[in-house]
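Below is one structure, written out as structure tokens; the observations come after it.
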Amino acid sequence: MNQKTEDHVEPSFGKRFQTALKNLGIGIIFLMAGLFLLWHNETEILEREISISQAESVLSENQDKASAQQGQSNEESRNLESTTLFNWGLRFAGWIIVFLGLATLFKPLVVLVDKIPFLWNFVGRGITVFALLSSCSLTLILLSAVWMVARPVFGAVLLLSGIVPLFILYRSGRRARLRHALRNA
């Protein structure tokens, strides 16, 4: 027996493909968990922002009581600033979880072309880019759906920025099909 086979025994194609198919459930769970985390975080932020704006409107109506409650308002704004970093961390974590879920969902395709050396590299990178752009789009579109309620302009900007990665994916696929058709012609 040679040194290579003694050190590392690679699982067969069937076992790797079976494992990749079993991981589809994990990918779906990751995708749903990431989307839920994003949705829950944004709705909490939105509710807090709506309550603060309502409190500010009540304070502006009652200028007499404004000086007494100014200290309480300043404390709430400091608490809001301290949670901003935490909220951005949750947004980033949600995006990462969505990305990992999408990457796991497409893992069986990578395993299918694993034995074709040149193609395997392109498929693996292509799926990573697809998962990256798709997760960005899903995240931004979900955030825009929540923010359309309180700030429609901000929600529209998020929606447009969520559509841009999808447009890039569509254009790159269309361009590749066009090149392939021109080569075959």
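Bear in mind these aren't lab numbers, they're just calculated from the coordinates by the rules spelled out. Please read all numbers here as calculations on a predicted model, not as lab measurements. All Cβ positions, even for glycine, are placed from backbone atoms using ideal geometry, and neighbour counts span all protein chains on display.
Just a few scattered comments:
- Once the C-beta distance of Arg177 and Thr19 is scaled by a Förster radius of 22 Å, the resulting FRET efficiency is 0.10 to the nearest 0.05.
- Fully extended contour minus Cα-Cα distance, from Ala93 to Asn184, at 0.36 nm per residue: 28.3 nm
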